[in-house]
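A.B. asks: Have a look at this one.
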Amino acid sequence: MIRWLGTKKVKLATIVLPGGFAKRKKEQHVRDLAASIERGGVISLPVVQDKPRKLVAGGDRLAALMLNKVMSHEVRIVRGTAQELEELMLEENLLRRRSDDYAAMTKRLVELRTGDIEAADRAEVVAEEAAGRAIIERFLEEAVDDGLLVAATANDEPAPVGRPKTAKGKAREQIAKETGKTPEAIRQAEKRAVAKERKAAEQEQNPFTDAGEPLAPPVETYGLPLLTAEDAYQVVMAQAALEKVEGFLNKALASVANHAGADSLAARICNDVMAALGKLAVDVRAAYPRAVCAACKLIPARRAKCKACASTGFVGVTEWLNAPDELRLGGDQAKVSDGKGGFIPYAREVAKEEKAAERKTERKLRVELDDGTVFEGGA
């Protein structure tokens, strides 16, 4: 059972925060909340778990306080099981703010409540069955004594009226009452969450299609068919991996700053480390594949020797924007570098590459018969 342990003033830097918290502080509604708090203070305190000191609810309020450079603040301390704390967090978010995750949070809360209700129902059924058996046994004993046994057979139990409510139905009713909505609205939110999960699973299987239609390429392709679905998948995976790496580096940077403090000996010692981490995070961001290399445009022979993309075939936004205007033209005007400061039409270079490949694979066949006749051809 959830236990509320009162309020306590804590250092905000000691609270364990969920992932993506840095992005939350940049959202407009959090900035608006920070301005409101600066004017009138915090109306409802953030909720923090007792041990470990982990944020349970009130993420926007905590982010707003941090934006206002608040170092310490009162929070409500709570203790409970992992499931109880998750339910508390979901209830808080569903009641206080509407986000893109509203349907998913509703679905999850219904799942948790359904489990609670099923467990309670099972216990209630066991107790009712035990009590019912005792009553029936006592009734049968009295019926035998009074000569009424025929009127008290097992088949005389009244049939249930209507279909009993399921645990999930009860959970929907509870959540609807708490959030001021109808059970049908809760059910529809669940359906939207399931549809979103299914679409995400399908997208993971083939991230380059949407409802059967091709998606826009994940990088600049100059209006040319340069990427296969497999190529596009590899680019998307690379972008996602580099984004995670950048996130880890930023977390490490924030961790060093939090632990070293400001204007301290530790902070001065860590200056070089923090500078290196910051530069590495910037370099990773700059390395995100944003365009097919303008110089080689994935032509195999050129890509293998291309210095502009280091033979990867892709470049970041800086390299792409700094490429000559002639190399950033698209469609029929697309060009590649000749390696001497000039430019060659892409179509002509591709045709040249194809002919070279054909000549390389072509084999001459010569057959000489007994009568001296000679046949020659390609095979």
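Laboratory data are not the source of any read-out in this text; all were calculated from the coordinates shown. Worth saying up front: this structure is predicted, and the values here are computed from it rather than measured. Quick reminder, even Gly has a Cβ in these numbers, built from the backbone with ideal geometry, and neighbours come from all protein chains shown.
A.B. asks: Across segment 336-351, in residue order, what do the Karplus-derived ³J(HN,Hα) couplings come to in whole Hz, using 6.51 cos²θ - 1.76 cosθ + 1.60 with θ = phi - 60° and x for Gly and Pro?
C.D. replies: Rounded to whole hertz, the list is 10, 6, 8, x, 10, x, x, 9, 10, x, 4, 4, 5, 5, 5, 4.
A.B. asks: Show which lysines lie in cross-link reach of Lys335 when reach means a straight Cα distance below 18 angstrom and same-chain residues fewer than eight apart are skipped.
C.D. replies: Counting by Cα, and skipping residues close in sequence, Lys335 has these lysines nearby: Lys297, Lys305, Lys307, Lys352.
A.B. asks: Per residue of segment 306-320, what does 6.51 cos²θ - 1.76 cosθ + 1.60 with θ = phi - 60° give for ³J(HN,Hα)? Whole Hz please, x for Gly and Pro, Karplus curve as stated.
C.D. replies: 6, 8, 4, 10, 6, 6, 7, x, 9, 9, x, 5, 5, 4, 5
A.B. asks: Find, to one decimal place in angstroms, the Kirkwood hydrodynamic radius of segment 229-358, where the mean of 1/r is taken over every pair of different Cα atoms and then inverted. Write down the numbers at each step before the final one.
C.D. replies: Numbers: mean 1/r = 0.0579 Å⁻¹.
The Cα-based Kirkwood calculation yields 17.3 Å.
A.B. asks: Using amide H atoms built in the peptide plane, which far-off residues or other-chain residues are under 5 Å from Ser311 H to H?
C.D. replies: Residues meeting the amide H criterion: Cys306.
A.B. asks: Something else about it: Could you pull out every residue, at least 5 positions away or on a different chain, whose amide H is within less than 5 Å of the one on Cys293? Hs are placed 1.01 Å off N in the peptide plane, and Pro or chain starts have none.
C.D. replies: It is Leu298, Phe314, Val315, by chain and number.
A.B. asks: Tell me, Tyr346, Tyr233, Tyr222 in order of fewest to most beta-carbon neighbours within 10 Å?
C.D. replies: Sorted ascending by nearby Cβ count, the order is Tyr233, Tyr222, Tyr346.
A.B. asks: Further question: Mind listing the phi-derived Karplus ³J(HN,Hα) values for segment 30-38, rounded to whole Hz, using 6.51, -1.76 and 1.60 with θ = phi - 60°, and x for any glycine or proline?
C.D. replies: These are the phi-based 3J(HN,Hα) values: 6, 5, 5, 5, 4, 5, 5, 5, 5 Hz.
A.B. asks: While we're on this one: Evaluate E = 1/(1 + (r/R0)^6) for Glu197 and Val256, where r is the Cβ-Cβ distance and R0 equals 30 Å; express this FRET efficiency to the nearest 0.05. If you can, show how the numbers build up before the last one.
C.D. replies: Numbers: r = 37 Å, r/R0 = 1.23.
Plugging the Cβ-Cβ distance into 1/(1 + (r/R0)^6) gives 0.20.
A.B. asks: Please compute the length gained on full extension between Arg53 and Phe248, using 0.36 nm multiplied by the number of residues separating them and subtracting their Cα-Cα distance.
C.D. replies: My answer for the length gained is 68.1 nm.
A.B. asks: Can you put Cys309, Cys270, Cys293 in order, fewest other beta carbons within 10 Å first? Intermediate results must be reported in sequence, preceding the final value.
C.D. replies: Numbers: Cys309 21, Cys270 17, Cys293 29.
So the ranking, lowest neighbour count to highest, is Cys270, Cys309, Cys293.
A.B. asks: Given Lys23/Lys191; Lys11/Lys251; Lys51/Lys165; Lys54/Lys244; Lys51/Lys181, which pairs have Cα atoms separated by over 30 Å? Let's see the in-between values first.
C.D. replies: Details: Lys23/Lys191 28 Å; Lys11/Lys251 19 Å; Lys51/Lys165 38 Å; Lys54/Lys244 22 Å; Lys51/Lys181 34 Å.
Over 30 Å apart, Cα to Cα: Lys51/Lys165; Lys51/Lys181.
A.B. asks: Still on this structure, I have one more. Using r as the Cβ-Cβ distance of Arg122 and Thr81, and R0 as 22 Å, what FRET efficiency do you calculate, to the nearest 0.05?
C.D. replies: Values: r = 18 Å, r/R0 = 0.84.
Approximately 0.75, to the nearest 0.05.
A.B. asks: Multiplying the sequence separation of Leu5 and Glu326 by 0.36 nm and subtracting their Cα-Cα distance, what value in nm do you get?
C.D. replies: 108.8 nm
A.B. asks: So, one more: Note the full-extension length gain between Asp283 and Ser311 as 0.36 nm times their separation in residues minus their Cα-Cα distance, in nm to one decimal.
C.D. replies: 8.2 nm
A.B. asks: Taking H as built 1.01 Å from N, whose amide H comes closer than 5 Å to the amide H of Lys335, not counting residues under 5 places away?
C.D. replies: Leu329, Tyr346
A.B. asks: Can you sort Trp320, Trp4 so the residue with the fewest Cβ neighbours within 10 Å comes first?
C.D. replies: Neighbour counts put them in this order, fewest first: Trp4, Trp320.
A.B. asks: Sort out for me the Cα centre separation of segment 35-92 from segment 1-27, rounded to whole Å.
C.D. replies: The two parts, judged by their Cα centres, are 5 Å apart.
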